Amino acid sequence: MSMSEQSPRLHIAVMTLFPEMFTALTDWGVTGRAFQMGVCSLHLQDPRDEATDRHGSVDDRPYGGGPGMVMQAPVMSASLSRAKAVVGNGAQVIALSPQGQKLDAHLAKQFAEASSLILVAGRYEGLDERFIQREVDLEVSIGDFVVSGGELPAMLLIDAIVRWIPGVVGHEASVAEDSFSEGLLDCPHFTRPEVFEGERVPDVLLSGDHAEIASWRRAQAVRRTLDRRPDLLSWEGVTDSDRQLLAKWDL
Ligand code: 58G
């Protein structure tokens, strides 16, 4: 079967008040191709469809006072049921929130192995805690900062997940080798012109010697990680063979 007819490897549903935002994923680039090829499916579930009052409200004032509004558990629970009817009851339910487990390549890769996911993109001040405790399997954070809604974090998470699905990114190797998958930052990249503003491309990259090129790239990645992200790699964590590479390339 061609990629365009295969049944989706991963079904994703997103609960969001702003479904139109997700064209940023479905209409462009690698993620757009994954959805158009049918490798992944995306179902957008608007909780406002389950609102019972004539205003279509999904939020209300917080008990205990304080600023802002909270998304109500009954309407979110009803919306989640609808989403489960589409992607399956076994779907893992993930809420995007600053209180969540920090996202990294390893977690994204784990999610890519699921068959269905439901992402909850909250707005306002957040979700009624009883909805989170009863229905959410995992809260995930894309970083230690607050944004106005869970939609951009959800799109970022989907992008990081979809890249791990075989066939989505042209060269599987580029995903396996990209930053973080080996716990290292990426090496520097160069392309034409060979000289830019007097700066030449490193000779090794023009040598055609693939073993030397791989060695140089690995050494550069180790050096960059030591310099820029000592939290990812300390000198103690550098293997003897990598230390030899650093010495070989005088890094
Ligand atoms: C609990 C608290 C649930 C994610 C707040 C939902 C979402 C940053 C991130 C919310 C977000 C992140 C409130 C608005 C989540 C809502 C949304 N901000 N760091 N904002 O991943």
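The values are calculated or read from the model by the stated rules, or taken from the named source; none is laboratory data. Quick caveat: nothing in here was measured; it's all calculated off a predicted structure. Every residue, glycine among them, receives a Cβ derived from its backbone with ideal geometry; neighbour counts consider all protein chains shown. With ligands, DNA and RNA removed, areas are computed over all heavy atoms of the protein, side chains included. Shrake-Rupley method; radii C 1.70, N 1.55, O 1.52, S 1.80 Å.
Results for (1) at pLDDT 95 or above; (2) not hydrophobic (A, V, I, L, M, F, W, C), shown as yes or no for each residue.
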site	(1), (2)
Asp144	yes, yes
Val147	yes, no
Ser181	no, yes
Arg223	yes, yes
Thr239	yes, yes
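Checked against the criterion of being closer than 22 Å to Leu152 by Cα, open to solvent by less than 10 Å² (accessible area, probe 1.4 Å) and out of contact with any helix residue (DSSP H, G or I) (no Cβ under 8 Å at 6 or more places or on another chain), region 72-83 has at least one qualifying residue.
Of all residues in region 70-117, those that are within 16 Å of the ligand (Cβ to nearest atom) and among the polar types (S, T, N, Q) total 6. Flag set for Gln45, criterion: modelled with pLDDT of 95 or more, more than 19 Å from the chain's Cα centre (by Cα) and open to solvent by less than 40 Å² (accessible area, probe 1.4 Å).
Scan region 192-205 for residues that are loosely packed, with under 10 Cβ neighbours inside 10 Å and under 17 Å from Gln220 (Cα atoms) and jot them down. Hit for region 192-205 is Asp203, nothing else. For region 9-30, does any single residue satisfy the condition of being in a helix (DSSP H, G or I), basic (Lys, Arg) and open to solvent by 40 Å² or more (accessible area, probe 1.4 Å)? Checked against the condition, which is being in a helix (DSSP H, G or I), basic (Lys, Arg) and open to solvent by 40 Å² or more (accessible area, probe 1.4 Å), region 9-30 yields no hits at all.
The set of residues in region 122-162 that are open to solvent by 70 Å² or more (accessible area, probe 1.4 Å), more than 9 Å from the ligand (Cβ to nearest atom) and assigned to a loop (DSSP other than H, G, I, E, B) contains only Asp137.
Kindly check whether there is at least one residue in region 66-76 that is touching a strand residue (DSSP E or B) at 6+ places or on another chain (Cβ under 7 Å) and closer than 30 Å to Gln6 by Cα. Within region 66-76 (the criterion being touching a strand residue (DSSP E or B) at 6+ places or on another chain (Cβ under 7 Å) and closer than 30 Å to Gln6 by Cα), the answer is no, since none of the residues qualifies.
Evaluating Leu232 against the criteria (1) in a helix (DSSP H, G or I); (2) under 32 Å from the mean Cα position of the chain (by Cα) leaves one unmet condition, (1).
Contact map, region 83-108: first residue closer than 16 Å to Ile165 by Cβ and assigned to a strand (DSSP E or B), second residue within 16 Å of the ligand (Cβ to nearest atom) and acidic (Asp, Glu), Cβ cut-off under 6 Å, separation 6 or more or different chains; pairs are Gln92/Asp137.
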